[in-house]
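Taking it in order: structure first as structure tokens, then the write-up.
The values are calculated or read from the model by the stated rules, or taken from the named source; none is laboratory data. Owing to the predicted nature of the structure, the values given are computational and were not obtained by experimental measurement. Backbone-built Cβ (ideal geometry, glycine too); neighbour counts: all protein chains shown. Heads up: the accessible areas ignore ligands, DNA and RNA and are worked out on the full protein's heavy atoms, side chains in. Shrake-Rupley method; radii C 1.70, N 1.55, O 1.52, S 1.80 Å.
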Amino acid sequence: MKNIARRTVVLFALILLCAAGAAHSAGVDMKEGNWEVSSETSMTMGAMSMPSRTDKVTKCLTREDLVPKSEKDKDCKIVKQKVTGNKVSWRMECKKAEGEGEISYHGTTYNGFFKMKTVEDGQTMNMNVKLAGKYLGPCPKGQ
């Protein structure tokens, strides 16, 4: 159980990066710069539920990368991505997990979700993440 939870935290870091940078297409109403990325994660394994966890990170977002990659987990990759208006959806596959998400941008804010299913040692863990982002200003120098 601890091993699965630890790996889930690593995957969660990747999810945050993907969610934070998932919509940098020219047609998406998104302001480039420093963003605060908030997430609320709930996890279930069978009949067990873990308490929800909230996190906030800041991320410099540009239009150059549609979905930035995490150096922490190279087993995951975005296999499908679609931009429709201000909505970005994607599908991610990992060695022992798969997931999908969607974000709607509104200039200086966004909201969305990400769902992931992890299977390890015959146990299935489902993770649901509510996402929210807000523009903070220009990116710090050096980023």
Between Lys141 and Thr84, with labels modelled 7 Å along Cα→Cβ, what's the label distance in nm to one decimal, could you check?
-> 4.4
Compute the length gained on full extension between Ala132 and Lys31: take 0.36 nm times their separation in residues and subtract their Cα-Cα distance, giving the result in nm to one decimal.
-> 34.9 nm
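So what is the accessible area of the stretch 96-143 per residue, in Å², with the probe set to 1.4 Å? Don't skip to the answer; put the middle values down first.
Details: 2670 Å² over 48 residues.
Accessible area per residue, the stretch 96-143: 56 Å².
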